[in-house]
Amino acid sequence: MKNTQGHPSAPASRTNFDALTLDEAKLVDEIISDLRKAVRDASLRFGTRIVRHGGKILRGRRVGMKGFEERLYGRWAIPLDLYELCLYIALNCGRYFSRHFRPGSATITDHKFKALLRLHAGATRVAGEVYALLLAGFPSGAHARWRTLHEIAVTALFIAQEDNETAERYINHRFVKSYEDAREYQKYAFMLGEEPFTDEEMTRIKQNYESMLVRYGADFHWPYAWAHPALLRRDPQLKGNKIGFQHLQAAVEIQHWTPRHRMASHAVHPSATFARFNLGSREDKHEVLPGASNADLADPGQSALFSLTNATAALVIFEPGSDDITEHLQHRGALGAMAKALSTLSKIASEEFMKVHLQLEDEIRAEGSNANS
């Protein structure tokens, strides 16, 4: 192979250096040493200047971000405010439920109560994270967090419609995950500079894990194994098959959300699609979006509202035991009113998200037409 000057090109390998004379090798070593020192000195100077002028740099950056976020909010104010109100209602549903139904459930081992209350708390927390990302202009990040919110809602709906034993299996499956986590942690604790578990701690974690396998069977170590008996009652053909999230989706009849769940997964895993697809950018644009965008907030916003409503519905439809029927009905009525308000407001917010989205799309198309004319 020849280069552009017509001279043979030597292969880029260590054999090139092996052919050097001692003086040539010494010169190369000196050049490499000088280059390393120059790079090291430059990095130190650059780091020093960044720290010295850090306050000014950050003030300028934050002024720019504040202006962007204000413009974004100015455009999306109506659906974002409605979203926040939905979040407020859902949060208060959980608080009301915990305050008024916990005393009656605390006297018995009500695993459904504990599981649904914790799942709902997680749902409102993640919905709040989605909201923060929407306000900051990170729709793909919001969509990724919605993926988690969707899985929480599906799990809550499934547990809500099954018996107390299913909820207990769900709660006890944490011992399986704890053992898996502990094994991985022990393997790399030293490399991470962390203190590993003691032998006594690992023994206790393993004993808890093994006691679950004794209680529920050797297959309990599989993901979603906690749901297996309940799913088998619905579909005996699942016997012998591994259970996945898609089976829970089908059981609560929202399997049609699978494409959206898959789309949100692209913002989580760095596949080739992750490198190409990003909410807030446009496929016909060659620029890579490295930061925030005021576009495409509708998809994560609408999806999060749907899942938050479902997670709240799973909590509200649960019927804990109560000795006072009158008081029980009063509290059920209050929760029902809040859940209905959430559902109605969620639909209005979703419509408003779509209105702003379509308006922005029209503006983007108009700008493109003007640029090409």
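What follows is calculated from the coordinates using simple rules that are stated; it is not laboratory data. Since the structure is predicted, the reported quantities are computational estimates derived from the model, not experimental observations. So basically every Cβ, Gly included, is an ideal-geometry build from the backbone, and we count neighbours across all protein chains shown.
Among 241, 314, 188, which residue has its Cα furthest toward the positive end of the charge dipole of region 181-316, with +1 on Lys/Arg Cβ and -1 on Asp/Glu Cβ?
241
As a quick test, which of the pairs 177/242; 112/347; 206/242; 187/239; 114/340 have an alpha carbon distance above 25 angstrom in this structure?
Going by Cα-Cα distance, 112/347; 187/239 fall outside the 25 Å limit.
Ordered by packing density, taken as the mean number of other Cβ atoms within 10 Å over each peptide's residues, highest first, how do 248-255, 358-365 rank?
The densest-packed peptide leads the list: 248-255, 358-365.
Can you list the HN-Hα couplings for region 235-246, worked out from phi with the Karplus curve (6.51, -1.76, 1.60; θ = phi - 60°), rounded to whole Hz and with x for Gly and Pro?
9, x, 5, 6, 4, x, 9, 6, 9, x, 4, 4
Could you give the size of the charge dipole of the chain about its Cα centre, using +1 on the Cβ of each K and R and -1 on the Cβ of each D and E, expressed in debye and rounded to the nearest 20?
Here the chain has a charge dipole of around 580 debye.
Would you mind putting 30-38, 261-269 in packing order, based on average other-beta-carbon counts within 10 Å, highest first?
In decreasing order of mean packing, 30-38, 261-269 become 261-269, 30-38.
Select from 65, 217, 179 the residue farthest towards the positive end of the dipole of the chain; place +1 on Cβ of Lys and Arg, -1 on Cβ of Asp and Glu, and compute about the Cα centre.
65
Compactness ratio of region 25-168: Cα Rg over 2.2 N^0.38 Å, N = residue count?
So the Cα radius of gyration is 1.80 times the expected 2.2 N^0.38 Å.
Which values of log₁₀ I(q)/I(0), to two decimal places, follow from the Debye formula for region 94-165 at q = 0.15, 0.16, 0.17, 0.18 Å⁻¹ with a uniform point scatterer at every Cα?
Normalising to I(0) and taking log10 leaves -0.58, -0.63, -0.68, -0.74.
Where does the chain land at 222 nm, in deg cm²/dmol rounded to the nearest 500, when only DSSP H runs of n ≥ 4 count, each adding -39500 (n - 2.57), divided by all residues?
-25500 deg cm²/dmol
Based on the Kirkwood radius over alpha-carbon pairs, what value in µm²/s does the Stokes-Einstein equation return for the translational diffusion coefficient of the chain at 4 °C and 1.567 mPa s?
Roughly 51 µm²/s, to the nearest whole number.
Which Cα, out of 94, 348, 254, lies furthest along the positive dipole direction of the chain (beta carbon charges, K/R +1, D/E -1)?
Of the options given, the answer is 348.
Using packing as a proxy for protection, rank 67-74, 127-134 so that the peptide with the highest average count of other Cβ atoms within 10 Å comes first.
Descending packing order for the listed peptides: 127-134, 67-74.
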